[in-house]
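Peer 1: Handing you this structure, nothing more for now.
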Number of protein chains: 2
Amino acid sequence: MIQKLIDNIVSKDAPIVVGLDPNPKFVPMDIMSECIEAYGANLKGIAEAVWLYNKAIVDAVYDLIPAVKPQIAMYEQFGVPGVEVFKRTVDYCKSKDLVVIGDIKRGDIGSTSQAYAEGHLGSIEICGQKFAPFDEDFATVNPYLGTDGVKPFVDVCKANDRGIFVLVKTSNPSSGEFQDRIIDGKPLYEHVADKVNEWGADCMDGEYSNVGAVVGATYPEQGKILREKMPKTFILVPGYGAQGGKGADLVHFFNKDGLGAIINSSRGIIAAYQSPNYPGYGEKNFADASRQAVIDMKEDIKSALGK
Amino acid sequence: MIQKLIDNIVSKDAPIVVGLDPNPKFVPMDIMSECIEAYGANLKGIAEAVWLYNKAIVDAVYDLIPAVKPQIAMYEQFGVPGVEVFKRTVDYCKSKDLVVIGDIKRGDIGSTSQAYAEGHLGSIEICGQKFAPFDEDFATVNPYLGTDGVKPFVDVCKANDRGIFVLVKTSNPSSGEFQDRIIDGKPLYEHVADKVNEWGADCMDGEYSNVGAVVGATYPEQGKILREKMPKTFILVPGYGAQGGKGADLVHFFNKDGLGAIINSSRGIIAAYQSPNYPGYGEKNFADASRQAVIDMKEDIKSALGK
């Protein structure tokens, strides 16, 4: 599956992913009102508003981008109707030939991780027929429980040509609290990176492994070290834009082949119309603002990479 | 909310929680067939079978136990219909006055953790009306992202009288891979325990904090140390029974007041009818086997605690 992501990145000439993290504060009022009228002032109404908002953004940007990253928390917060819209969003994006990275950050003990892995990346067999419950292409995975929490994901990836991105160094301010602590002369995140190499070694798909890593754009120095440490690992880089990461910070996340990293922006794209950088679009043209923000992000990264 | 859990533990005289982790292999064939006939050989059919199985077990044991711990992975693996049954299970258990610990192991950066916290423990306001999307009483939380991943859960707990259990030392064989690594002279899990004390300090509810910890029964020595280190923290102890933890291992997870720990058993209770320890029940009487397994588990723990 990493090869499919690479093919998409190359054909769109864009190592970027749009984070579909639909905070209801981003959803234009007229969409919200329409859905509340149609479905009620309830979780279903708000979830359907999120769906229309997502769909409009995907329609406006899909030809420019290789992948999307829906953040499941932003759907789960609306209960069952929200989870249903998450699934609908995954399916719609796949119908547009986008690679879908489910930002689910799951991780548990063996048999439980297996259930998450089958549910998100694999399939369930019922009376001889296979059903793919969520059917993402990639999922993000939390490594705190160690190998037997991650291995079931790797096995499901191998069986189904899917991939994972393991949290190594996250983009948030307090990520260092545990991740940066020094163990045997190097920070915890480097120990996790060693394991990512190990887990990914027999899960190769072309030049890169289907086991990737998450390293925040907000930590460019660590990104440089981790890039060198994990040469066959694709790095998913959150934290660009709204969280403070800039194009110039990103250079060292890439390998010399120009590949090896994919940069996520969520709010900066999907809520562009609310930003002072995109005046004049307004609520009516929110999806056009998102399209312009994608074009600008591509330019920023290209120029940072000296292309 | 921890006080409500304690009240339930005292009134049922049972520091135990039943893990509702419905692996489809546990579900009796006649329930499965009935649901597949009624709903189809699909995710909905299997999810409805899980529901009937759960309900029968809850009906058979609710008068004996203070709490249940549904493991959301086991529902999420069946996609949207599975998540709907998770929610139905939460609601049903609450209607039986059981405390519900959602074993969700979520954890993300600030705003995303907030979405998880509101979705599972809090509420969403829509047009002035509040909706509690999943409405568990407690949730389990992964600490790898540090304070700003956990704090939103703590804030939601404070606002809604709910609680969390933070993963400190998990029950699985490879939990030591990262959690046991030595940082400044003590293992990572002790550093996490220090943070649990800090996060829980202004979230007290009687003698204990609404911020609890997860420590596996399979690591009794570490349990002893962590018990002393976190005197005001309730410990959720998985790993009893099928994972290898025994009653005698559990003594040191408790405080001198006889409180401070709640022991989980999942498979050992809900799939008791499949165990050689409970011959003669068979598929037809699976719920009765679960009831007997609860009675036996209570006895085992009581005698280990010298009661």
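Peer 1: Given R₀ = 60 Å, what would the calculated FRET efficiency be for B:K284 paired with A:K55, taking r from the Cβ atoms and rounding to 0.05?
Peer 2: 0.80
Peer 1: Got the relative contact order for chain A handy, in percent, Cα pairs under 8 Å and 6 or more residues apart?
Peer 2: 17 percent
Peer 1: Of the residues B:C35, B:C127, B:C157, which exhibits the maximal mean-square fluctuation in a Gaussian network model of chain B defined by a 10 Å Cα contact cut-off?
Peer 2: Fluctuation is largest for B:C127.
Peer 1: So what's region A:230-307 giving for Rg/Rh, alpha carbon basis, Kirkwood Rh from the mean inverse pair distance?
Peer 2: 1.04
Peer 1: Continuing with the same structure: Excluding A:K4 itself, calculate the net charge of residues whose Cβ lies under 12 Å from the Cβ of A:K4, where each Lys or Arg counts +1 and each Asp or Glu counts -1.
Peer 2: Spelling it out: positives minus negatives among the neighbours equals -3.
Peer 1: Test of understanding: in a Gaussian network model of chain A with alpha carbons linked when under 10 Å, which of A:N172, A:N160, A:N42 would top the mean-square fluctuation ranking?
Peer 2: Among A:N172, A:N160, A:N42, the largest mean-square fluctuation in the Gaussian network model of chain A belongs to A:N42.
Peer 1: May I have the extent of the alpha carbons of region A:20-126 along their three principal axes, as whole Å values ordered from largest to smallest?
Peer 2: 45, 33, 27
Peer 1: Right, something else. If neighbour count is taken as other Cβ atoms inside 10 Å, put A:M74, B:M204, B:M230 in order from fewest to most.
Peer 2: Ranked by crowding around the Cβ, least crowded first: B:M204, B:M230, A:M74.
Peer 1: Mind checking which of B:P133, B:P173, B:P66 has the largest fluctuation in a GNM of chain B, springs on alpha carbons under 10 Å?
Peer 2: Judging by the Gaussian network model, the answer is B:P173.
Peer 1: Ok, one more. Hey, which of these cross-link pairs are over 18 Å Cα-Cα: A:K12/A:K298; A:K4/A:K105; A:K69/A:K224; A:K69/A:K284?
Peer 2: From A:K12/A:K298; A:K4/A:K105; A:K69/A:K224; A:K69/A:K284, over 18 Å: A:K4/A:K105; A:K69/A:K224; A:K69/A:K284.
Peer 1: Using a label position 7 Å from Cα in the Cα→Cβ direction, what is the ascending list of nm distances from A:G185 to the same site in the other copies?
Peer 2: Inter-copy label distances (nm, one decimal, shortest first): 2.2.
Peer 1: How big is D, in µm² s⁻¹, for region A:2-304 by Stokes-Einstein at 25 °C and 0.890 mPa s if Rh is the Kirkwood radius over C-alpha pairs?
Peer 2: In µm²/s, the coefficient rounds to 126.
Peer 1: Compute the convex hull volume of the Cα atoms of region A:112-213, divide it by the residue count, and report the result per residue in Å³ as a whole number.
Peer 2: 110 Å³
Peer 1: Mean 1/r over all different Cα pairs, inverted: what Kirkwood radius does region B:151-307 give, in Å?
Peer 2: Averaging 1/r across every pair of different Cα atoms and inverting gives 16.7 Å.
Peer 1: Averaging over every viewing direction, what projected area does the convex hull of the Cα atoms of the protein assembly as shown cover, in nm²?
Peer 2: 26.0 nm²
Peer 1: Ok, one more. Sorted from shortest, what are the nm distances separating the label point of A:I295 from equivalent points in the other copies, each placed 7 Å from Cα along Cα to C-beta?
Peer 2: 7.5
Peer 1: Relative contact order for region A:240-283: what is it in percent, counting Cα pairs under 8 Å that are at least 6 residues apart?
Peer 2: Taking the mean separation of contacting Cα pairs over the length of region A:240-283, I get 33 percent.
Peer 1: Pop the C-beta distance of B:F131 and A:D155 into the FRET formula with R0 = 41 Å and round what comes out to the nearest 0.05.
Peer 2: Rounded to the nearest 0.05, the efficiency is 0.60.
Peer 1: Now, a different point. Along its principal axes, what span do the Cα atoms of region A:103-149 show, with the longest given first and each in whole Å?
Peer 2: The Cα atoms of region A:103-149 stretch 35, 20, 10 Å along their principal axes.
Peer 1: Moving on. For chain B, with only Lys/Arg (+1) and Asp/Glu (-1) charged at the beta-carbon, what is the dipole magnitude about the Cα centre, in debye rounded to 20?
Peer 2: 380 debye
Peer 1: Hey, another quick one. Looking at the protein assembly as shown, what % of its DSSP beta bridges pair antiparallel, to the nearest 5?
Peer 2: 20 percent
Peer 1: Using a label point 7 angstrom from Cα along Cα-to-C-beta, what distances in nm, from shortest up, separate A:K130 from the other copies?
Peer 2: The answer, with the shortest distance listed first, is 4.6 nm.
Each reported figure results from applying straightforward, stated rules to the coordinates on display, with no laboratory input. Just so we're clear, the structure is a prediction, and the values are computed from it rather than from any experiment. Ideal geometry is used to build each Cβ from the backbone, glycine not excepted, and the neighbour counts take in all protein chains shown.
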